[in-house]
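Have a look at the structure below before the remarks.
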Amino acid sequence: MTPLTGGCLCGALRYTAAASPTIAGYCCCADCRRASGSGFVPFMGFAAADLTITGPARQFVSPSARGSEAVRNFCPACGSLVFGGIVGVDTRHTVYAGTLDDPAAFVPAIAIYTRDRPDWVVLPPGLTAFAAMPGT
C-alpha cells in the first residue's frame, strides 16, 4: 500500500498514514455538520501508531453525541479541520477525508448519525447506515 498523505489548505499541518483506514464513512451528526460547514464530515479511522502528524495544530474540544469529549484539530494558520483526537494520548485518530492529497483514496463504507442527516444530503448508495453511533 502506498502511504496515504494529506494536510491543511496552507500545507503547515500534514499527516502520513502507514496503513489503510480501519473504517471510512460519513458522519451526519449536528456537531460534524457545524464543524465542517457542510451536511456531513467524510472521515477515516486509523490506529494512532499508523499515523504520523507533523506541524502545528490547535484543538477545539466539545461534548460529543456519546457524552465524551470530541477533540478536533485544525491548522492555526489557515483554519482547515484536519484530524480528531489527542496526539500521544489517544490510540485512534479520525482523519477528515477532504484533506487527502489523493481524494480517490477515500472509499466510504458507512454513514453514521443518519437520523440527523438533512434532507438535502444524498448519501452514496451501498453504504451501511446507522441512525446513531454503531454499538450504542
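Just a few scattered comments:
- Qualifying residue in the stretch 121-136 (condition: under 16 Å from Thr5 (Cα atoms) and modelled with pLDDT of 95 or more): no
- Out of Val95, Val82, Val107, sole residue that is exposed (fewer than 14 other Cβ atoms within 10 Å of the Cβ), at pLDDT 95 or above and touching a strand residue (DSSP E or B) at 6+ places or on another chain (Cβ under 9 Å): Val107
- Unique match (being crowded, with 19+ Cβ neighbours inside 10 Å, at pLDDT below 95, among the small types (Gly, Ala, Ser) and under 29 Å from Pro125 (Cα atoms)) among Ala17, Ala35, Ala70: Ala35
- Hey, Ala129 under 23 Å from Thr22 (Cα atoms) and touching an Asp or Glu at 6+ places or on another chain (Cβ under 7 Å) or not: no
- In the stretch 113-130, the residues that are more than 14 Å from Ser38 (Cβ to Cβ) and either under 13 Å from the mean Cα position of the chain (by Cα) or assigned to a loop (DSSP other than H, G, I, E, B) (or both): Asp119, Pro124, Pro125, Gly126, Leu127, Phe130
- The strands (runs of 3 or more DSSP E) falling completely within the stretch 1-112 include none with 2 or more residues that are charged (D, E, K, R) and under 19 Å from Ala129 (Cα atoms).
The values are calculated or read from the model by the stated rules, or taken from the named source; none is laboratory data. These figures come from a predicted structure and were not determined experimentally. Here Cβ is always computed from backbone atoms with ideal geometry, including for glycine, and neighbour counts include all displayed protein chains.
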